[in-house]
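The values are calculated or read from the model by the stated rules, or taken from the named source; none is laboratory data. Just so you know, these numbers come straight off a predicted model, no measurement behind them. For neighbour counting, all protein chains shown are included, and Cβ atoms are generated from backbone atoms with ideal geometry for every residue, glycine included. When the accessible area is computed, the model is the full protein with side chains, heavy atoms only, and any ligands, DNA or RNA have been set aside. Shrake-Rupley method; radii C 1.70, N 1.55, O 1.52, S 1.80 Å.
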Amino acid sequence: MNQTPSIAPLRNFITNMTRLVETTQDETVLLAESKQLLANLIQSDSWLPEFCTVPHPEFYQQYLLHADPLERFSVVSFVWGPGQKTPIHDHCTWGLIGMLRGAEKGQRYQFDNTGKLVVDGPETTLKPGDIDAVSPHIGDIHVVSNAFDDQTSISIHVYGGNIGAIQRHVYGLDTGEIKHFVSGYSSTQTPNLWDRSAEVRAQIR
């Protein structure tokens, strides 16, 4: 399927992220600089391919937009059907959540000094243009849900690894049970970032 020139913002984001991870693995620097790159990306949603916007009637969808060949970062479109939510989970790497369409609610958790999982701060709401960060160093356990019961919401996530292949955990708040999981991705299809033929043809005189 041919890609329109609107994919360019995602291509530029990935190019800049690749340059960034080539210069540093300092998490503080990565979070700060990739946050600005993500803020630029989510100013518009016209670049997101249609197949990466499709909700599932039962489960939130995690569409891979790009995974760095060395697995230093990945970019994912999360599509939330009406009322859908995650279990309480972690990421085991740094991550950024940028709201693109709709809104999502998030509630953080932490372990208290007895080892019990408890609520960490108030519930927050991300609206288009808002960005939140997670990591094992700044807080990595949360539950996320679509803020709407009658519409789809979409957020763009950037992680410090191939998030679909990282062993992570879900937590039982009442039982204290911790289970391992690997999320994978919701589609084998990824955007064609590199068909620049229309752009190049336009330059031919």
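Miscellaneous remarks
- For the range 30-84, filtered to residues that are among the acidic types (Asp, Glu), on the phi < 0 side of the Ramachandran plot and not in a helix (DSSP H, G or I), the residue that is least open to solvent (accessible area, probe 1.4 Å) is Asp68.
- Selection count, the range 149-158, where residues are farther than 17 Å from Ser77 by Cβ and in contact with a Gly (Cβ under 7 Å, 6 or more places away or on another chain): 1
- Residue in the range 105-115 that is under 16 Å from Ser186 (Cβ atoms), more than 15 Å from the chain's Cα centre (by Cα) and assigned to a loop (DSSP other than H, G, I, E, B) present: no
- Only one of the listed residues (Gln61, Gln107, Gln43, Gln84) is under 17 Å from Tyr171 (Cβ atoms) and among the polar types (S, T, N, Q). That residue is Gln107.
- Restricting attention to the range 148-205 and to residues that are polar (S, T, N, Q) and free of Cβ contacts under 8 Å to residues at least 12 places away in the same chain, the residue that is least open to solvent (accessible area, probe 1.4 Å) turns out to be Ser197.
- Only one of the numbered conditions (1) over 15 Å from the mean Cα position of the chain (by Cα); (2) at pLDDT 95 or above; (3) hydrophobic (A, V, I, L, M, F, W, C) is not met by Ile166, and that is (1).
- Evaluating Arg108 against the criteria (1) touching a Gly at 6+ places or on another chain (Cβ under 8 Å); (2) open to solvent by 60 Å² or more (accessible area, probe 1.4 Å); (3) among the basic types (Lys, Arg) leaves one unmet condition, (2).
- Of everything listed in (1) over 14 Å from the mean Cα position of the chain (by Cα); (2) surrounded by 15 or more Cβ atoms within 10 Å (Cβ to Cβ); (3) not in a loop (DSSP other than H, G, I, E, B), the single unmet condition for Glu22 is (2).
- The range 153-205, residues that are outside any strand (DSSP E or B), under 21 Å from Arg108 (Cβ atoms) and hydrophobic (A, V, I, L, M, F, W, C): Ile163, Ile166, Leu173
- Residue that is least open to solvent (accessible area, probe 1.4 Å) [pool: residues in the range 133-147 that are in contact with a His (Cβ under 9 Å, 6 or more places away or on another chain) and not β-branched (Val, Ile, Thr)]: Ser135
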